[in-house]
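First the structure, in the form of structure tokens, and then the observations on it.
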Amino acid sequence: MSKENKYNELEQFFRSRLRNPKVEPEAWNVPDDDILSGAFAAMDKEVKEEKKKGFPLMYILAPLLLFVFTFLAFIIFNQSKQVENLNKELAHIKTQQNTEQVVASEDAQINKNIQTIAAQEEALEANQYTQSINADAAQNLEDRSFTRRKHDSNNSFAFSQKVNNPRLDRNANLAFNNDANYFIGKTKETSIVAEEKASSTFNNNIIAKAFELSQVGPKPMKPLVRPLRILTLNSFLEEKESTSTPSKWRAYMSVGHLYSSFKMNAISNANYTLEDYDKYYNGIQFLVGSTYSVNEKFSLSFDLGFRGIHNKSTFTKINSYDSANEFYSAENELMYRASFDITSPLGLFSDEMELKMDGIDMSEGDPMKNKTNIHQILRVANLSTALNYELFSSGNTSLNASVGLSFNRLFEARHKMTVKMYDGAEEMDNKLFQYNDLNLLRPFFWESNIGLNLRRDFANNIFLNLGANYHRSLHSLTRANANNAKTTLHGFNSSISIGYTF
Amino acid sequence: MQLEEIILLAKKQDRKAQTALYHQFKSGWFMICLRYCSNRADASDALQNALILIFSKIEQFDAVQGEFKSWSSKIVVNSCLMFLRKNTNRFQFNELKEDILMYEEQHTQDDVLSVEEMTKMIQELPIGYRTVFNLYVLEGYTHVEIAEILEISIGTSKSQLSKSRKLLKQKLEVVL
């Protein structure tokens, strides 16, 4: 307190009486009871409003993420398809170009050969012309020799001697030339035959090659309608031929059986108490998704899944009638107070109910049976993304490890039970109870998961997947309540599913 | 349960602990509200706002720096000031009229005034007088601080205090 407001009698008087007054609570200085409840209500409202402020963000974020992923997947899928098609076209064009080059080079060779043949034919014609001249000359010589033989028939030896010895007769030179020309002509003739033969063979080869090329040329168009392929068990079980280049994006859908365990810690409300509990459930799961291959080992997957879990169970409890315990009379009716432990996908619930026993004449120690049928239902949709790493791959089988994050929407979480009371075979009373567990739980929650997937690809894009994963909610699933109980959902899933890759 | 334990639980937003705190301090908190507000209904509203502030800000309370009572009283005072600010367009420091100065003789003629009567005297002061008087005399703020808190001049604060003194003196003279 400052000096300036210390000294004043009036102030001092008020200060001494009103500062830290020691007065008993009286009507005038005690606030109404509803002030505290009003404050609590206002605080709860504030919390709800804060949540509402944050909640639409999740509402918007999840579909937005889905939209973005789907859009990106669509764009990238389309682009990869286009790239694939362009690659195919490019490969086709390259094949065509190679074929054309071969044809062009062979055409050039043919032209060259044709030119050679033309030149050789010209040379041949020239030789034939020379040969004909020589033949004429030889004929003249022969005529002259014949005339001489006629004229000098008795001296044939001498003539032959003259012919064979060019130095003996001046015509001998001509005879020699004639012989020589004849020899040359003979040789030339043989060569031309061979040449023509070769040319003929060559031409035949060209024709054959051209025919062959005409067969190699542009591939015929595939029919637009594929022939109907009859699927058989063998065709399913055939291993898929991995001839095509692997696509970066792959879309798939699968349906499978789920074997799941849920574990939840304490949650309670006025009606029943849930304790730690482990329980296994069967269900189905449906999945549509896409995978993007980052490289040979890593891939990203985006899935939209749905899990539906049902569990029907029955348990029977046999008691003995004991008037001092669990039974009491109310309005002249005998009532049985039965307590139950109820298993549910979300854990173990304890409850207590009363069954009417009127009209039954019971004696101490009589056996009493109560039978409880429980039907539990849990439906969860999830949008998840995961990073996958290929641990092992052999042929069409691969083992992948994955770590992921999922956004879940709990559509339904309820259980109903029918409790029947029997006296021997006679049903005395039954009661049906239904509990909506969503009243206690948040409908939206985030989960992380880690798992292993064994996948085998078969023919016709069919694949079989065996999966096992551990999942855990990232925050409490319990709605805000007075006890501020924190509840996490976690457990193991194993699944077997068959799917189709698009 | 010790106060420290209750505060610890209240920090965890335990409703039972918050309720226990309320029951332990409600009278003192409410009397502060009664001094600042002109009637019980307004004081109740101011207290409700104060409770929300106390429970939501209790994590900031550090026992080393002071007692819970003084810490929570400051919050109650601030809450009252916020309430007055919200429910009156602005502090009306010129509202004093001669007719208000006429103190109606409606109090007991005991020699010693009760806390209730003194509180009522303050309640009956005009809002400006009342607020400055409470802040200066009972909370121990200086005029500079009051001027800052109420966004008025130091002179106004001083004159309001002077007038409140004068009025209370008149009232006391009537009563005593």
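Throughout, read-outs are computed from the coordinates displayed, never taken from laboratory work. Nothing here was measured: the structure is a model prediction, and the numbers come from that model. No Cβ is skipped: glycine too gets one built from the backbone with ideal geometry, and neighbour counts run over all protein chains shown.
For the reader, a short list of remarks on this structure follows.
- The slack between A:V83 and A:Q139, meaning 0.36 nm per residue of separation minus the straight C-alpha distance, is 12.0 nm.
- Summing Lys and Arg as +1 and Asp and Glu as -1 over all other residues whose Cβ lies under 13 Å from the Cβ of A:R409 gives a net charge of +1.
- Estimated from the Cβ-Cβ distance and a Förster radius of 41 angstrom, the FRET efficiency linking A:S37 and B:E67 is about 0.95.
- Here region B:3-87 is assigned +1 on the Cβ of each Lys and Arg and -1 on the Cβ of each Asp and Glu. Its dipole about the Cα centre then comes out at about 260 debye.
- Applying D = kT/(6 pi eta Rh) to region B:3-87, where Rh is the Kirkwood radius over alpha-carbon pairs, T corresponds to 20 °C and eta to 1.002 mPa s, the Stokes-Einstein value obtained is 167 µm²/s.
- Listed residue pairs exceeding 32 Å between alpha carbons, taken from A:K48/A:K371; A:K48/B:K86; A:K371/B:K16; B:K11/B:K120; A:K48/B:K26; A:K22/A:K45: A:K48/A:K371; A:K371/B:K16; B:K11/B:K120; A:K22/A:K45
- Whole-Hz Karplus values for region A:12-17 come out as 4, 4, 5, 4, 5, 8 Hz, taken residue by residue from phi with 6.51 cos²θ - 1.76 cosθ + 1.60 and θ = phi - 60°; glycine and proline positions read x.
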